[in-house]
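The values are calculated or read from the model by the stated rules, or taken from the named source; none is laboratory data. Since we're looking at a predicted model, the values are computed, not measured. No Cβ is skipped: glycine too gets one built from the backbone with ideal geometry, and neighbour counts run over all protein chains shown.
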Amino acid sequence: MAIRNATKLYKLIDSLAPDYRKFAEFDQIIASVDSHVHPPTVVWDIDRLKRIHGECGARLLHFQGVSDGNHLSDEWMIRQLTFLEDAATWIWNTMRSRGNLVVYRPQDLFPQTQLIWESFRKGEIDSESVRYRLEIVRPAAPRKGTPRH
């Protein structure tokens, strides 16, 4: 289902952002205790992504009122292309330079790890406790063809 209203989209993102950031931290803790090497994790700057989205809409999609023709000038075009290039370069470099994207899907965790995640998410335990508990449950975690944490 597509969200057509930016306000609704931003409210949805904002409602998930705290857990996303916390899950990204949790994912990095998992990587630090896992015996398999993990690529570095991309943790998106959600506020910057929202600013890019909003500015893209304001600059390129929402012409309101009578146009004064400035949008046809070379200067206007250069400013918009510079903005798009800067935004795309930041997104591309962030993806390329850091490795794995954090996908917020705690339901994909093994049950033991999911319990640790829930305690961490709620603030009941800190990162050191997470590390310690992951070390304890690691031998009990099932090994499948597709690695899960």
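Listed values, structure above:
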quantity: Of all residues making up the range 1-16, the number that are β-branched (Val, Ile, Thr) and surrounded by fewer than 16 Cβ atoms within 10 Å (Cβ to Cβ); calculated: 2
quantity: Close pairs from the range 114-126: first closer than 12 Å to ILE30 by Cα, partner aliphatic (A, V, I, L, M), Cβ under 8 Å, at least 6 apart; calculated: ILE116/ILE125; ILE116/VAL130; ILE116/LEU134; ILE116/VAL137; TRP117/LEU109
quantity: Residues being surrounded by 11 or more Cβ atoms within 10 Å (Cβ to Cβ) and within 18 Å of the chain's Cα centre (by Cα) - total across the range 104-128; calculated: 6
quantity: Tally, over the range 17-43, of residues that are surrounded by 13 or more Cβ atoms within 10 Å (Cβ to Cβ) and either at pLDDT 80 or above or assigned to a helix (DSSP H, G or I) (or both); calculated: 16
quantity: Residue check, GLY123 in the same structural domain as ASP19 (by TED's automatic domain parsing) and at pLDDT below 75; calculated: no
quantity: Pairs, first among the polar types (S, T, N, Q) in the range 9-36, second outside any helix (DSSP H, G or I), C-beta under 7 Å, six or more apart; calculated: GLN28/THR41
quantity: The range 26-64 - residue that is in contact with a strand residue (DSSP E or B) (Cβ under 7 Å, 6 or more places away or on another chain) and polar (S, T, N, Q) and, of those, farthest from LEU115 (Cα to Cα); calculated: THR41
